[in-house]
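The values are calculated or read from the model by the stated rules, or taken from the named source; none is laboratory data. All figures in this text were calculated on a predicted structure; none of them were measured in a lab. Note that each Cβ is placed from the backbone with ideal geometry, even for glycine, and that neighbours are counted across all protein chains shown.
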Amino acid sequence: MLQQSELPVDANAADLVVAAFEAPDPVSSSRRSWWRMIPVAMCCLWLLLVIVGALFASRLPIQSPSAVKPIERLRGPSWKHWFGTDNLGRDLFARSVYGARVSLTVGVVSVVIGLVIGGAVGIVAGYLRGRTDEFISWVVDVLLSFPSLVLLIALVAYRGSGLTNICLALGFLGIPIYARLARAHAMTIGGEEFVLAARASGAGKLRILWREIMPNVLPTLSAYGLVSMSLAIVVEGSLSFLGLSVSVPTPSWGGLIAGGQSFIRQTPTWIILPSVVLCLTVLSLNVIGERLRRRFEVGSGG
Amino acid sequence: MADQHANISTTVQNDDERSEPLLVVEDFAVRFHTRRGLVRAVDGVSFELHKGKTLGIVGESGCGKTVLSRSIMGLLHDPKVERSGRVLFEGRDVTHLGRRQGRSIRGTEMAMVFQDPMTSLNPVMKVGRQLTEGMKAHLGLTPTQRVESAVRLLRSVGIPSPERRMEQYPFELSGGMRQRVTIAIAMACNPKLLLADEPTTALDVTIQAQILNLLDVEKRDRNMGMILVTHDLGVVAGRTEEIVVMYAGQIVERAPTAELFNAIRHPYTEALLRSIPKLDEPSGTPLAAIGGRPPALHAIPPGCRFAPRCPYAQRRCFEDAPPLTSDASVSAAHTFACWYPVGVEIRPTGGPAVEPAVGPSAGTSARPTVEAVAR
C-alpha cells in the first residue's frame, strides 16, 4: 500500500472529487431496473441448465439415451420418463439432454469459426480501407448473395453429413456476416482519436489492429455471436429434420423432432417437448445477445 | 547533411539563438485533394523551434493548426495528401520518411498530446497497459522495468497512488486525470519534441492551468521543445517564447511572445485578443466576436485572406496578398503579413477606404499586456 505522505504535493483534491462523482453508482441503478433483469436472469438460468446438462449428461442420474425397451414404447410423460418414450422405448428426456451436446457444439464451433475468420477479415478491411477493403468487400458480397440453405445443403451433400462438416459449413456461412459487422465497427473505431494517438506514439498497423481496434470490436461481435448461435442451432435442427446432420443413433434436437412426426397422433409430446427445449434455448440466446448488444451500443457512446 | 544544416541556419532570422534548432519548418504546405477541389490546409508555413523552448501556434478552428501539427508528426501520410516544403528534425529531413522510419521517430523523438482525453485513450485497455505499450515497442525494457517506469511517470504527472491507477480503465478516471495519463504516455519514451494540440480545450477551467503547468514542468525537466497549439491567446501568453498566429492556412504574424503582446501588428491577432472576455469589464459587455467566417480553403480569394473580415481593410488588401515582412526599425524577429499593420500610422487618408467598424487601438495604455491575458 502506498503511504499517504508519498502522494505528490499537487495530488489535486479537485480531480479526486470529480472522479468520485463520475464513478457510476451501482446500487441505485440496479435498484431502479432490477425487475427488468428478470427475463434475462431466467434466460441465463435456462442456458446454464442446458450447458450443464450437455457437459455432464453421462454423469447425471438420467436413463441411457440408447437403451431400447420395446415394452415401454410410445409412452406419454410420466415420473419415470419425463418426456415420454419413442417408438423403440428410448427415454426422450435423456435423448433431449444428450441432443443438447450436438446443438451446443454446432452453435459454439460455427460461431467461433465465423467470428474469428470473419472478424479478422472485416477488421483488416475496415481499418486499412483502400484496395484491401474493396477486394474483401467484393468477396463478402459474393458470399452473401448465395442463398444460404442451398449452399449449406450443397456443402453437406458434397462433403457428407456429420457433426464436423455441419460445423464447418455453418461457420463458413457466418464469415461474411461477421466480416461486414466487423468492418463497419472497425471503420468507426479507426477514426477515433485514441487510434491516432497510438499512431502518434509509433504504433504500426498490426499493433493498432490487434491492440486498439480488435478489443473494441470484439464486444459487439460476441454479442452478435450469441444471437447467431441461436440461428446456427435452428439451422442444425432443420438439417437434422431433413436427415442431413448427425447420423441416426446419435440424438439431436432436430432429429428427435423429425422422428416424432410419424407418431404425432399417438404421442404429440414426442415432438412438442424437444421443440420447447429448442425454442427456449434459442429464445434465451436471443434475449441475452440482444441485451448485450444494446449495452455495448450505449457503452461505446459514453 | 552538414551543408544542409548550414543552409538552414543562414535563413534563420533568430539572432540570439546560435545553437542548432530542434525543429525547422520551411515553406511547408499540406494540400488535400477533395471532390470540391484542392484544399490548401497549410500554405507556406515556416518557423523553427529550439530545445527547451515553447512555440505557440494560435488560430481559430479550421486555420490549419491541427493539420500542421499532425503532418509534422507524419500522421498524414496518404496518397490523397500532398505535401511540399521541408520539416527538419535535428537537421534531418523528416518530411518524406518511409513507414518504418516514421514509426521509429514517432513516440521516441516526437510525441503528441491530444485535445480530448475522453477519446484519446483506448476505452478497453487498462491505463498501465497503454503506458507500457510504447515502451515495449521502442525501448525494449523488461516487463518489470516497464511497470516501474510507468509508475514513476504517473507519479511525476501528479497522479496519486499510481500502482492502483495502472490497473484501472480510462472511464474510471476524471478528465484531468486522463489528460495527465496522456501526458505520461507521451513522455514514456523521452521525446525531444512534444506537440500539444489544444491540450486543455476539453477540460474544466480549473484543471486547465494545472495541465498547462504540468506540461511546462515536463518541458523544463526534460529540456524538450514544445509546440502548444491553441485557439486561445490567453493560454500561450505566459507559457511560450514565441507565438505563430495562423489564419486560413498561413502565418499572419510571428513574434517572440513579449514583443507580440507589446505591439500587435496584424488586425487578426488584435481581433483574437479582443475576443478574450476580461474580468474587469462591466457585466453585460458584449463579447467582441470576429464577424464573418474564414475563407473556404478550396476557393481562396486573391489578396489578404483576412480582408473580408478586417475592420481596416482597404482596396489593396482585396487585390494583393501581403507578404510576411518585419518592421526592421522595431524588431527583425517580429514578422507580419499586413499592408496596414495595427499601430503604425501609414493608413492612407482619402480614397475609397473602408472605415474601420471598430476603433483601432491607438492608445497604447489600453493595450492588453502579456500579464493581463496570461492564464
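Let me confirm something: among B:Val205, B:Val236, which residue is in contact with a helix residue (DSSP H, G or I) (Cβ under 8 Å, 6 or more places away or on another chain), over 17 Å from B:Val157 (Cα atoms) and of a type outside the set (Asp, Glu)?
Details: B:Val205 fails: in contact with a helix residue (DSSP H, G or I) (Cβ under 8 Å, 6 or more places away or on another chain).
Sole residue among the options that is in contact with a helix residue (DSSP H, G or I) (Cβ under 8 Å, 6 or more places away or on another chain), over 17 Å from B:Val157 (Cα atoms) and of a type outside the set (Asp, Glu): B:Val236.
Select from region A:73-101 the residues that are among the hydroxyl-bearing types (Ser, Thr, Tyr) and in a strand (DSSP E or B) and list them in ascending order. So that I can check it myself, show each step before the final result.
First pass over region A:73-101, keeping only residues among the hydroxyl-bearing types (Ser, Thr, Tyr): A:78, A:85, A:96, A:98.
Result: A:Thr85, single match.
Residue-wise test of (1) outside any loop (DSSP other than H, G, I, E, B); (2) in contact with a helix residue (DSSP H, G or I) (Cβ under 6 Å, 6 or more places away or on another chain); (3) under 19 Å from B:Pro295 (Cβ atoms).
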residue	(1), (2), (3)
B:Arg40	yes, no, yes
B:Glu48	yes, no, no
B:Gly52	no, no, no
B:Glu60	no, no, yes
B:Leu68	yes, no, yes
B:Leu76	no, yes, no
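Which of (1) more than 9 Å from chain A (Cβ to nearest Cβ); (2) among the aliphatic types (A, V, I, L, M); (3) in contact (Cβ under 8 Å) with a residue 60 or more places away in the chain is the odd one out, the single condition B:Met112 does not satisfy?
Result: B:Met112 fails condition (1) only.
Being more than 10 Å from chain A (Cβ to nearest Cβ) and either touching a residue at least 12 places away in the same chain (Cβ under 8 Å) or buried (at least 24 other Cβ atoms within 10 Å of the Cβ) (or both) is the filter here, so list the residues in region B:187-205 that pass it.
Residues satisfying the conditions are B:Met187, B:Asn190, B:Lys192, B:Leu193, B:Leu194, B:Ala196, B:Glu198, B:Pro199, B:Thr200, B:Thr201, B:Ala202, B:Leu203.
Could you list, in sequence order, the residues of region A:259-287 that are closer than 16 Å to A:Leu88 by Cα and in a loop (DSSP other than H, G, I, E, B)?
Those that are closer than 16 Å to A:Leu88 by Cα and in a loop (DSSP other than H, G, I, E, B): A:Ile264, A:Gln266, A:Thr267.
Quick one: is B:Gln208 of a type outside the set (Asp, Glu), part of a helix (DSSP H, G or I), touching a residue at least 40 places away in the same chain (Cβ under 8 Å) and surrounded by fewer than 24 Cβ atoms within 10 Å (Cβ to Cβ)?
On the way: of a type outside the set (Asp, Glu): yes; part of a helix (DSSP H, G or I): yes; touching a residue at least 40 places away in the same chain (Cβ under 8 Å): yes; surrounded by fewer than 24 Cβ atoms within 10 Å (Cβ to Cβ): yes.
The answer is yes for B:Gln208.
Among the residues of region B:151-186, how many are more than 18 Å from B:Asn122 (Cα to Cα) and either facing chain A (nearest Cβ under 7 Å) or of a type in the set (Phe, Trp, Tyr) (or both)?
5
Please go through region B:115-127 and give me each residue that is more than 7 Å from chain A (Cβ to nearest Cβ), buried (at least 24 other Cβ atoms within 10 Å of the Cβ) and of a type in the set (S, T, N, Q), ordered by number.
none
Only one of these conditions is not met by A:Glu193: (1) within 14 Å of another protein chain (Cβ to nearest Cβ); (2) touching a helix residue (DSSP H, G or I) at 6+ places or on another chain (Cβ under 9 Å). Which number is it?
(2)
Would you confirm whether or not region B:328-347 contains a residue that is modelled with pLDDT under 75, touching a Phe, Trp or Tyr at 6+ places or on another chain (Cβ under 9 Å) and within 18 Å of B:Ala307 (Cα to Cα)?
Scanning region B:328-347 turns up at least one residue that is modelled with pLDDT under 75, touching a Phe, Trp or Tyr at 6+ places or on another chain (Cβ under 9 Å) and within 18 Å of B:Ala307 (Cα to Cα).
Given the residues A:Leu206, A:Leu155, which is the only one that is within 30 Å of B:Val113 (Cβ to Cβ) and surrounded by fewer than 24 Cβ atoms within 10 Å (Cβ to Cβ)?
On the way: A:Leu155 fails: within 30 Å of B:Val113 (Cβ to Cβ).
Going through A:Leu206, A:Leu155 in turn, the sole match is A:Leu206.
Here is a check on your reading of the model: is A:Ser103 touching a helix residue (DSSP H, G or I) at 6+ places or on another chain (Cβ under 8 Å), surrounded by fewer than 21 Cβ atoms within 10 Å (Cβ to Cβ) and in contact (Cβ under 8 Å) with a residue 24 or more places away in the chain?
no
Can you name the number of the only condition in (1) at the interface with chain A (Cβ under 7 Å from one of its Cβ atoms); (2) over 22 Å from B:Ile207 (Cα atoms); (3) within 29 Å of the chain's Cα centre (by Cα); (4) modelled with pLDDT of 90 or more that B:His138 fails?
Among (1) at the interface with chain A (Cβ under 7 Å from one of its Cβ atoms); (2) over 22 Å from B:Ile207 (Cα atoms); (3) within 29 Å of the chain's Cα centre (by Cα); (4) modelled with pLDDT of 90 or more, B:His138 violates only (4).
Looking at B:Leu88, B:Leu153 in this structure, which one is in a strand (DSSP E or B) and touching a helix residue (DSSP H, G or I) at 6+ places or on another chain (Cβ under 7 Å)?
Just a single option satisfies the conditions, and that option is B:Leu88.
What is the one condition in (1) surrounded by fewer than 16 Cβ atoms within 10 Å (Cβ to Cβ); (2) in a helix (DSSP H, G or I) that A:Ser247 does not satisfy?
Exception for A:Ser247: condition (2).
Taking region B:235-262 as the region of interest, how many residues are surrounded by fewer than 19 Cβ atoms within 10 Å (Cβ to Cβ), part of a helix (DSSP H, G or I) and out of contact with any His (no Cβ under 7 Å at 6 or more places or on another chain)?
Residues that pass the stated criteria total 2.
What number of residues within region B:66-109 are at the interface with another protein chain (Cβ under 10 Å from one of its Cβ atoms), among the hydrophobic types (A, V, I, L, M, F, W, C), over 27 Å from A:Thr188 (Cβ atoms) and in contact (Cβ under 8 Å) with a residue 40 or more places away in the chain?
So the answer is 0.
Taking region A:69-93 as the search range and keeping residues that are surrounded by fewer than 17 Cβ atoms within 10 Å (Cβ to Cβ), modelled with pLDDT of 80 or more and aliphatic (A, V, I, L, M), which one is nearest to A:Pro268 (Cα to Cα)?
A:Leu88
Are there any pairs, at least 6 apart or on different chains, whose C-beta atoms fall under 9 Å, with the first in region A:59-72 and over 14 Å from A:Phe83 (Cβ atoms) and the second surrounded by 12 or more Cβ atoms within 10 Å (Cβ to Cβ) and basic (Lys, Arg), and if so, which?
Here the result reads A:Ser64/A:Arg90; A:Ser66/A:Arg90; A:Ser66/A:Arg95; A:Ala67/A:Arg90; A:Val68/A:Arg90; A:Lys69/A:Arg90, each pair linking region A:59-72 to a residue that is surrounded by 12 or more Cβ atoms within 10 Å (Cβ to Cβ) and basic (Lys, Arg).
So, A:Glu212, is that one surrounded by 24 or more Cβ atoms within 10 Å (Cβ to Cβ), touching a helix residue (DSSP H, G or I) at 6+ places or on another chain (Cβ under 7 Å) and either within 14 Å of chain B (Cβ to nearest Cβ) or in a helix (DSSP H, G or I) (or both) or not? Give the derivation first.
Values: surrounded by 24 or more Cβ atoms within 10 Å (Cβ to Cβ): yes; touching a helix residue (DSSP H, G or I) at 6+ places or on another chain (Cβ under 7 Å): yes; either within 14 Å of chain B (Cβ to nearest Cβ) or in a helix (DSSP H, G or I) (or both): yes.
Answer is yes for this residue.
Among the candidates A:Leu151, A:Leu104, single out the residue that is of a type in the set (A, V, I, L, M, F, W, C) and modelled with pLDDT under 90.
Values: A:Leu104 fails: modelled with pLDDT under 90.
Exactly one residue qualifies, and that residue is A:Leu151.
From the list B:Arg220, B:Arg293, B:Arg265, pick out the single residue that is at pLDDT 90 or above and not in a helix (DSSP H, G or I). Full working, then the answer.
Values: B:Arg220 fails: not in a helix (DSSP H, G or I); B:Arg293 fails: at pLDDT 90 or above.
Sole residue among the options that is at pLDDT 90 or above and not in a helix (DSSP H, G or I): B:Arg265.
Just one of B:Arg254, B:Arg220 is of a type outside the set (Gly, Ala, Ser) and within 25 Å of A:Gly202 (Cβ to Cβ); which is it? I'd like the intermediate steps shown before the answer.
Numbers: B:Arg254 fails: within 25 Å of A:Gly202 (Cβ to Cβ).
Going through B:Arg254, B:Arg220 in turn, just one is of a type outside the set (Gly, Ala, Ser) and within 25 Å of A:Gly202 (Cβ to Cβ): B:Arg220.
Which residue is surrounded by the fewest Cβ atoms within 10 Å (Cβ to Cβ), if the candidates are limited to region A:166-190 and must be away from chain B (no Cβ under 14 Å) and not aliphatic (A, V, I, L, M)?
A:Phe172
Mind checking which residues of region B:76-117 are touching a His at 6+ places or on another chain (Cβ under 6 Å) and not hydroxyl-bearing (Ser, Thr, Tyr)? Spell out how you get there, then give the answer.
From region B:76-117, those touching a His at 6+ places or on another chain (Cβ under 6 Å) are B:80, B:91, B:107-108; that's our starting set.
If the condition is that a residue be touching a His at 6+ places or on another chain (Cβ under 6 Å) and not hydroxyl-bearing (Ser, Thr, Tyr), then B:Lys80, B:Gly91, B:Gly107 are the ones that fit.
Restricting attention to region B:158-184, which residues are within 26 Å of the chain's Cα centre (by Cα), assigned to a loop (DSSP other than H, G, I, E, B) and on the phi < 0 side of the Ramachandran plot?
In the first step, residues of region B:158-184 are kept if they are within 26 Å of the chain's Cα centre (by Cα); the result is B:158, B:174-184.
This time we only want the ones that are assigned to a loop (DSSP other than H, G, I, E, B), so: B:158, B:174.
B:Ser174 - this is the single residue of region B:158-184 that is within 26 Å of the chain's Cα centre (by Cα), assigned to a loop (DSSP other than H, G, I, E, B) and on the phi < 0 side of the Ramachandran plot.
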